[in-house]
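Visitor: Dropping the structure in here first, questions after.
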Amino acid sequence: MFHLGWFVGGGYSVHGWNQPWSAASATNWIEPDLYIDMARAMERACFDCLVIEDGSFVADMYQGSTEFYLKTPLTVPKADPMPLVPLIAQATSRLGIVATMTTGFYPPFLGARLGATLDHLTHGRVGLNLVTAHNDRAAQNYGLDKQYPHDMRYQIADEWIEIAKRLWASWEPGAIIADHATGTFADFTKVHTINFEGQFFKSRGPLNMPPGPQGRPVICQAGGSPAGRAFASKHADMIIALARDAAAAKAYRDDIRARMTAHGRRPDDCKVLFNLNLVLGDTMQDAIDRKTRRNAGLAANIETRLAYMSYTTGVDFSKFDLDQPLPEIRTNNSQGITAMYTGYRKTLREILLDPQGESLDLVGTADSVAATMGEMMDEVGGDGFLISEPINRRTISEITDGLGVALQRRSLIRPAYAHAHFRDNLHAF
């Protein structure tokens with residue numbers, strides 16, 4: 001069996017507001033109903049987790065303006081996903097819920113306290129997708145002139161998580177005794193300061209609340225660059241990974257597992273889940289026709305893809321000729337994604353019209369796709385997939401009630417949850 005989650009790449013935002021099956025998303029996008037309905041459907045299909053991306057700036061990389069991003073809307077508006085976590089938890093009982101947190105902008109004590117609070121509120125089902133942030137505009141919203149250099153951001157994140165781990169451990173097991181006879185709620189000898197002082201942060205501690213049921217939230221990370229892989233292999237319980245084929249996925253997973261061994265960790269303690277794009281149809285021909293229509297739409301949406309590439313890389317791609325060889329792109333933004341975009345095509349038009357993008361790509365009926373997913377995981381060696389399709393209620397139903405059932409029939413995903421806590425379900429196989 002392998003693990004299965006869903007990565008909401010657009011975050012807590014507007015999803016398909018002018019597309020079919022998007023209902024009234026233009027006016028009610030801030031309501032939690034879509035995410036709650038999605039989580040319930042995922043739990044019926046016994047998915048591992050829902051991962052919600054985030055960002056905290058209004059982009060202006062494309063043509064040096066916010067116009068296209070606000071007009072379309074693309075990456076904005078976007079609300080904070082943290083308040084969604086307990087709402088989703090109230091509607092589910094086993095699904096893991098992962099929200100994105102930025103180590104560059106959340107002080108470690110604030111992040112550790114929020115993570116512990118959410119772990120309690122979800123009864124041990126929260127995860128934190130730790131990101132280092134990648135854009136100067138975000139940095140400027142938090143009082144910086146520009147973003148720290150790429151590798152330094154991971155040094156900051158490494159110190160951040162070290163403080164957070166110590167804060168989560170600052171209450172010993174059994175610190176709360178709640179003894180009515182003696183009138184003692186907590187044993188002060190089991191709650192400790194951490195007195196951490198590093199290069200970027202310092203924190204006295206202890207945390208002013210006990211850790212949650214998991215001890216600490218599940219730590220999720222997307223490490224593509226060498227610095228990102230080093231951080232993820234050292235700290236993550238789950239990794240969001242990008243690969244264009246099974247061979248690349250296997251090479252990535254093998255690299256992460258080797259790095260984990262070097263850190264003294266058991267490789268099976270971290271699950272590497274690869275982003276997966278899907279086109280499902282009632283028949284193979286139906287799926288091929290839907291994929292053909294989707295591919296045909298790429299030419300009509302070149303500007304959107306240009307704007308999104310500019311957003312993720314911090315480079316204004318409007319300045320390049322579409323049909324000339326693309327020069328080497330150097331950026332302080334997301335280096336792993338930038339390499340995926342630019343490392344395999346000669347011209348910008350080839351990149352923009354590439355129907356696969358940076359993820360694995362499967363087309364077929366629910367049963368044929370399920371079979372291919374099983375074969376792919378056999379080649380990779382594990383650990384699973386993160387669906388990265390845009391969300392609407394049609395897509396959710398096709399994947400959870402269609403593909404999910406086909407995967408269970410082939411015994412490729414769990415038929416039921418074995419544990420109450422997110423981390424325990426990740427470690428179940």
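Visitor: With point charges of +1 on the Cβ of Lys and Arg and -1 on the Cβ of Asp and Glu, referenced to the Cα centre of the range 298-429, which listed residue (397, 384, 334) lies farthest in the positive direction of the dipole?
Guide: Farthest towards the positive end: 397.
Visitor: Taking neighbour counts of Cβ atoms within 10 Å as a proxy for exposure, in what order, fewest first, do 21, 168 appear?
Guide: Starting with the residue having the fewest Cβ neighbours, the order is 21, 168.
Visitor: Can you sort 53, 159 by how many other beta carbons sit within 10 Å, fewest first?
Guide: Fewest-to-most Cβ neighbours within 10 Å comes out as 159, 53.
Visitor: Let me ask something else. Using the eigenvalues of the Cα gyration tensor, what equivalent ellipsoid semi-axes result for the chain when each is taken as the square root of five times the eigenvalue, whole Å, largest first?
Guide: For the chain, the semi-axes come out at 35, 27, 21 Å.
Visitor: Sequence neighbours fewer than 8 away in the same chain don't count; with that in mind, list the lysines whose C-alpha is under 19 Å from residue 319.
Guide: 346
Visitor: With each run of n ≥ 4 DSSP H residues scored as -39500 (n - 2.57), what mean residue ellipticity at 222 nm is computed for the chain after dividing by its residue count and rounding to the nearest 500 deg cm²/dmol?
Guide: Using -39500 (n - 2.57) per qualifying helix, the result is -11500 deg cm²/dmol.
Visitor: Suppose we take every Cα in the range 82-173 and form the convex hull; what volume per residue is that in Å³?
Guide: Per-residue hull volume (Cα only) is 99 Å³.
Visitor: Multiply the residue separation of residue 356 and residue 411 by 0.36 nm, subtract the distance between their alpha-carbon atoms, and state the gained length in nm to one decimal.
Guide: Additional length available on full extension: 17.0 nm.
Visitor: Where a Cα-Cα gap under 19 Å defines reach, which lysines qualify for residue 190, not counting those fewer than 8 residues away within the same chain?
Guide: The reachable lysines, counting only those whose Cα sits under 19 Å from residue 190, are 165.
Visitor: Determine the alpha carbon to alpha carbon distance for each of 78/146; 250/291; 146/271; 78/250 and list only those over 28 Å.
Guide: Table pairs above 28 Å Cα-Cα are 146/271; 78/250.
Visitor: Once you place label points 7 Å from the Cα toward the Cβ at residue 251 and residue 117, how far apart are they in nm?
Guide: 4.4
Visitor: If the chain between residue 202 and residue 110 were fully stretched, how many nm would it gain, using 0.36 nm times the residue separation less the Cα-Cα distance?
Guide: Length difference between fully extended and current span is 31.9 nm.
Visitor: Mean shadow of the range 208-328, computed from the convex hull of its alpha carbons, in nm²?
Guide: If I average the Cα hull's projected area over directions, I get 12.9 nm².
Visitor: Specify the inter-centroid distance of the range 368-391 and the range 231-295, based on alpha-carbon positions, in whole Å.
Guide: The distance from the Cα centre of the range 368-391 to that of the range 231-295 comes to 8 Å.
Visitor: Can you sort 209, 101 by how many other beta carbons sit within 10 Å, fewest first?
Guide: Least crowded to most crowded, the residues run 209, 101.
Visitor: Ok, one more. Pull out the extension gain between residue 428 and residue 289, defined as 0.36 nm times the separation in residues minus the alpha carbon to alpha carbon distance; nm, one decimal.
Guide: The residue 428-residue 289 span can extend by a further 46.2 nm.
Visitor: Hey, got the dipole for the chain? About the Cα centre, +1 on K and R Cβ, -1 on D and E Cβ, debye to the nearest 20?
Guide: My answer is approximately 440 debye.
Visitor: Let me ask something else about it. Which FRET efficiency, nearest 0.05, do residue 140 and residue 193 yield, Cβ-Cβ r, R0 51 Å?
Guide: 0.90
Visitor: Take the Cα coordinates of the range 309-397, assign each an equal point scatterer, and use the Debye formula without solvent to give log10 I(q)/I(0) at q = 0.13 Å⁻¹.
Guide: -0.62
Visitor: Starting from the Cα of residue 328, move 7 Å in the Cα-to-Cβ direction to define the label point; list residues of the range 220-259 whose amide nitrogen is under 20 Å from there.
Guide: 225-228, by backbone N distance to the label point.
Visitor: Any idea what the relative contact order of the chain is, in percent, if you count C-alpha pairs under 8 Å spaced at least 6 apart?
Guide: Over the chain, the number comes to 22 percent.
Visitor: Let me ask you something else. Based on Cβ point charges of +1 for Lys and Arg and -1 for Asp and Glu, what charge dipole magnitude is obtained for the range 301-429 about its Cα centre, in debye rounded to the nearest 20?
Guide: Around 280 debye, computed over the range 301-429.
Visitor: Still on this structure, I have one more. Rounded to two decimal places and with Rh computed the Kirkwood way over Cα pairs, what is Rg over Rh for the range 134-229?
Guide: 1.12
Visitor: Straight-line reach only, C-alpha to C-alpha below 16 angstrom: list the aspartates and glutamates that residue 71 could link to, leaving out same-chain residues fewer than 8 apart.
Guide: Counting by Cα, and skipping residues close in sequence, residue 71 has these aspartates and glutamates nearby: 60, 303.
Visitor: Take the alpha-carbon centre of the range 110-160, take the same for the range 64-99, and report the distance between them in whole Å.
Guide: Result: 16 Å between the Cα centres.
Visitor: Which value results when the Cα radius of gyration for the range 285-360 is divided by 2.2 N^0.38 Å?
Guide: That works out to 1.15 for the range 285-360.
Visitor: Could I ask something else about it? Treating the beta-carbon of each Lys and Arg as +1 and of each Asp and Glu as -1, no other charges, what is the dipole magnitude of the range 57-128 about its Cα centre, to the nearest 20 debye?
Guide: The calculation lands at about 240 debye.
No value in this document is a laboratory result; all are computed from the given coordinates. Everything numeric here is computed off the predicted structure, so don't read it as measured data. A quick note on method: Cβ atoms are made from the backbone with ideal geometry, for glycine too, and the neighbour counts reach across all protein chains shown.
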